[in-house]
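Step one of this worksheet: look at the structure below.
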Amino acid sequence: MFDLGILNGAVYISGKFLKANVYIKSGKICDISRSRLEAKKYYDISGKYLLPGFIDPHVHFHLDLGNYISADDFYSGSISAAYGGITSYIDFLDPVRTAEELERAFEDRLNLAKSSLTDYAFHATIANPTDEPEKILKKARQLGLSSIKLFTTYSSSNRRTYDGYIAELLEKSKHYGIVISVHAENDEIIKKYENEEIKVKDHSKYRPTITELSEVIKLAEMAEYYNAQLYIVHLTSGKTLDELKKKFNHILGKNLVIESCPHYFYFTEDIYNTEKGYLYTMTPPLRSKKEKELLIENINYINTIGTDHCPFNVEEKKKDIVNGMPMGIGGVEFSFVLMYSMFGKKIIDKFTKNVAKYYGLKNKGEILPTYDADLVVFDPEKEWIIKEHHSKSDYIPYKDFRVKGKIISTISRGKFIVKDGVLNKRVKGSYIKRGEIIW
């Protein structure tokens, strides 16, 4: 007998919708059938989609910046995420320079994440490391961290990793089955402004598109040369994407994977000239209307959608000057409905199977027998206006936006986290240890 039968849904399987029932036992999908099989409980979702649980590859819960800590911890962040259909996410360890520091950072983060209601994994993060790349790679694999994040900027705070080290890391990473994820901005261009006070209205001028474009093109060349696995986080500009499409189409989705975030599809740099423009400051910044439109036009070349969820409260961001301001906005609760409203069904894989594939989340991202029963019940026709959220942040970047499609219920390993809009706080997430990744 199954634990749960989900009946009469349009089930998303391998890119198609099939009218079927899904049966769950011991946290796993056990059967997909048109028949009504025996189960302890049934849940009828007639007229709705059953989707794989969403995976957010890019969140920052409890990000400690010294003077500020991001508004959502792992508990509140996972609740907000669950209301957005996210059943797994990947957070970041604190930046380190050595393998020994990496192990300590892992233990610290693992302890913080125990309050999460959903499953979670981590990216290792390096900052101008002193240990040789192979030592870092070996330690990351040992800890189940199959991705290493680095920055090509922030030299002023000693977080930048330089080209020689990146080249060696890329060359050796595939041997270890590790993905190299990069925050790509040209530090030499940005450094011109590091001693100036930057007003909010000039935020995107301080970090112009060329800082992203030039760095991403260089990294793509390196990824191709070394046959590496390179993942570019939070791509901002359609201009950058258009250039990648022209020059590196043959390695997109192979040696080169591109992530973007909903805010780059919905806002432009013009918002920095408004009264509350400070609320929309993040790094890298928003771009021009033309670049946003180009990003939308080229959505098929974006492989995954992450949120870069990192909200703060209004008073913490309410400044005229960018210097010293905490960067970031929230996104986990509304990311899917925002992107679905804009693109429809074509966005589903970018939240599910693609993330699972590129970041090595086995048994996640699809509705198939033996896979984890991570599922989302979604009403594709429901139109509504965003008014409230479950984040600890005291503002909603997307407030009063009209969207189409609503998450009704979220299931993690066969248990409801959210059922018909009601939260189940008794569910607990688990750490996902990842193994070797080969694209």
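Quick check: at a probe of 1.4 Å, how many percent of the accessible area of the chain sits on carbon and sulfur atoms?
Taking all protein chains in place, the chain shows 46 percent carbon and sulfur surface.
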Checklist entry - Taking amide H positions as placed 1.01 Å from N in the peptide plane, with prolines and chain starts having none, which residues 5 or more places from Thr125, or on another chain, fall under 5 Å of its amide H? => result Leu93, Val96, Lys149
Checklist entry - Looking at Tyr431, Ala124, Tyr23, which one has the Cα that reaches farthest to the positive end of the dipole of the chain (charges on Cβ: Lys, Arg +1; Asp, Glu -1)? => result Tyr23
Checklist entry - Where in region 348-395 are there GluC sites (Glu not before Pro) that are in a DSSP coil and have at most 13 other Cβ atoms within 10 angstrom of their Cβ? => result Glu388
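Between Lys345 and Asp108, what length in nm is gained on full extension when 0.36 nm per residue of separation is reduced by their alpha carbon distance? Before the final figure, lay out each step's value.
Details: separation 237, 0.36 × 237 = 85.32 nm, distance 3.85 nm.
Value of the extension gain: 81.5 nm.
For region 9-95, what is the relative contact order in percent, using Cα pairs closer than 8 Å and at least 6 residues apart in sequence? All intermediate terms of the calculation are to be shown ahead of the outcome.
Numbers: 101 pairs, mean separation 21.9, N = 87.
Relative contact order here is 25 percent.
Quick check: residue separation of Ile69 and Lys246 times 0.36 nm, minus the Cα distance between them. What number comes out in nm?
Values: separation 177, 0.36 × 177 = 63.72 nm, distance 4.02 nm.
Length gained between Ile69 and Lys246: 59.7 nm.
To the nearest 20 Debye, how big is the dipole of the chain about its Cα centre, given +1 on the beta carbon of each Lys and Arg and -1 on that of each Asp and Glu?
Details: 64 positive and 59 negative charges, 328 e Å.
Here the size comes out at about 1580 debye.
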Checklist entry - Fully extended, how many nm does the chain gain between Leu423 and Ile210 (0.36 nm per residue separation, minus their Cα-Cα distance)? => result 72.3 nm
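Tell me, what is the FRET efficiency for Glu188 and Asp400 to the nearest 0.05, using R0 = 30 angstrom and their Cβ-Cβ distance as r?
Values: r = 41 Å, r/R0 = 1.35.
Computed FRET efficiency for Glu188 and Asp400 comes out at 0.15.
Could you work out the helix-only [θ] at 222 nm for the chain, with each DSSP H run of four or more residues adding -39,500 (n - 2.57) and the total divided by the number of residues, to the nearest 500 deg cm²/dmol?
Details: 14 runs with 121 residues, N = 439.
Value at 222 nm, helices only: -7500 deg cm²/dmol.
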Next on the checklist: Counting only other residues whose beta carbon sits under 9 Å from that of Ile217, what net charge do I get with K and R as +1, D and E as -1?
Outcome noted: -1
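So if we plug the beta-carbon distance of Ile296 and Glu168 into 1/(1 + (r/R0)^6) with R0 = 22 Å, what FRET efficiency do we get, rounded to 0.05? Present the calculation step by step, with values, prior to reporting the outcome.
Numbers: r = 37 Å, r/R0 = 1.68.
The value I calculate is 0.05.
Loop only per DSSP, at most 15 neighbouring Cβ atoms within 10 Å: give me the chymotrypsin sites (Phe, Trp or Tyr not before Pro) in region 154-229, ordered by residue number.
On the way: sites: Tyr154, Tyr162, Tyr165, Tyr176, Tyr193, Tyr206, Tyr225, Tyr226; in loops: Tyr154, Tyr162.
Counting only loop positions with at most 15 other Cβ atoms within 10 Å, the chymotrypsin sites (Phe, Trp or Tyr not before Pro) in region 154-229 are Tyr162.
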Item to check | Highest-fluctuation residue, Ser288, Ser157, Ser147 considered, GNM on the chain with Cα pairs under 10 Å | outcome: Ser157
Item to check | Å² of accessible area per residue within the chain, as computed with a 1.4 Å probe and no ligands counted | outcome: 39 Å²
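Under a Cβ-only charge scheme (Lys and Arg +1, Asp and Glu -1), can you give me the dipole magnitude of region 82-191 about the Cα centre, in debye to the nearest 20?
Here region 82-191 has a charge dipole of around 180 debye.
From the P(r) of the chain, can you give the percent of Cα pairs sitting at distances over 33 Å?
On the way: 29785 of 96141 pairs.
Value for the chain: 31 percent of Cα pairs lie more than 33 Å apart.
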Checklist entry - For region 312-439, with only Lys/Arg (+1) and Asp/Glu (-1) charged at the beta-carbon, what is the dipole magnitude about the Cα centre, in debye rounded to 20? => result 380 debye
Checklist outcome for this item: Each label sits 7 Å from Cα toward the beta-carbon; between Ile321 and Asn227 the label points are separated, in nm, by 5.2 nm
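First measure r as the distance between the Cβ atoms of Thr98 and Lys362, then evaluate 1/(1 + (r/R0)^6) with R0 = 22 Å and state the FRET efficiency to the nearest 0.05. Don't skip to the answer; put the middle values down first.
Working: r = 29 Å, r/R0 = 1.32.
Computed FRET efficiency for Thr98 and Lys362: 0.15.
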Item to check | Neighbour cut-off at most 15 other Cβ (10 Å), DSSP loop, trypsin sites (Lys or Arg not before Pro), region 9-96 | outcome: Arg34, Arg36
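Which entries in Lys114/Lys433; Lys345/Lys392; Lys28/Lys428; Lys201/Lys245; Lys172/Lys362 show an alpha-carbon gap greater than 19 Å?
Details: Lys114/Lys433 14 Å; Lys345/Lys392 30 Å; Lys28/Lys428 16 Å; Lys201/Lys245 31 Å; Lys172/Lys362 23 Å.
Table pairs above 19 Å Cα-Cα are Lys345/Lys392; Lys201/Lys245; Lys172/Lys362.
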Checklist entry - Out of Pro397, Pro57, Pro326, any idea which swings most in a Gaussian network model of the chain, alpha carbons joined below 10 Å? => result Pro397
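The values are calculated or read from the model by the stated rules, or taken from the named source; none is laboratory data. All of these numbers come straight from a predicted model, not from anything done at the bench. So basically every Cβ, Gly included, is an ideal-geometry build from the backbone, and we count neighbours across all protein chains shown. In case anyone asks, the SASA skips ligands and DNA or RNA and just uses the protein heavy atoms, side chains included. Shrake-Rupley method; radii C 1.70, N 1.55, O 1.52, S 1.80 Å.
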